[in-house]
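The values are calculated or read from the model by the stated rules, or taken from the named source; none is laboratory data. Only a predicted model underlies this, so the values are computations on that prediction, with no experimental measurement involved. Here the Cβ positions follow ideal geometry from the backbone for every residue, glycine too, while neighbour counts run over all protein chains shown.
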Amino acid sequence: MVSYEVRKSVKLSLVTDMLKKATAKLSPNENPIVHSDQGWQYQNKRYQQHLRNKGLAQSMSRKGNCLDNAVAENFFGILKTEMYHNEVFKSADELIQSIEEYIDYYNNQRIKLKLKGLSPIEYRNQALVAA
């Protein structure tokens, strides 16, 4: 499942707000791995403290090695191929709206064979019921 926050400027609150939204949706026994690149935001003490407080592990790619962060890199590759390439956006707001619509589609409707033909949300919910 993809959690996100879209803004027009780069500030620490961009990632900390997204992290808080995502972790607020977790049940007490859920401890997913949080994938990110080596951006300064993900190395910030407040961001990393929030991860520790929630008992979450951080997967941060090593410099120059996208395979360390293959999950995130794969998602953005899919997003670019399916939603971004060959499109023209009239404004940043239009691009943001398209990204938000795509992520909703990706999480709730887009089936994946690796997830037994389910969407990420359906697969997650099925796993939670089985646990």
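What number goes with the only condition from (1) assigned to a loop (DSSP other than H, G, I, E, B); (2) more than 26 Å from residue 13 (Cβ to Cβ); (3) without any contact (Cβ under 8 Å) to a residue 12 or more places away in the chain that residue 74 does not pass?
Condition (1) is where residue 74 drops out.
Step by step: first the residues of the range 112-131, then only those that are surrounded by fewer than 13 Cβ atoms within 10 Å (Cβ to Cβ) and in a loop (DSSP other than H, G, I, E, B), then the one that is modelled with the lowest pLDDT. Which residue is that?
It comes out as 131.
Which one is nearest to the chain's Cα centre (by Cα), of the residues in the range 84-103 that are surrounded by 14 or more Cβ atoms within 10 Å (Cβ to Cβ) and free of Cβ contacts under 8 Å to residues at least 40 places away in the same chain?
Filtering the range 84-103 for residues that are surrounded by 14 or more Cβ atoms within 10 Å (Cβ to Cβ) and free of Cβ contacts under 8 Å to residues at least 40 places away in the same chain, the one nearest to the chain's Cα centre (by Cα) comes out as 102.
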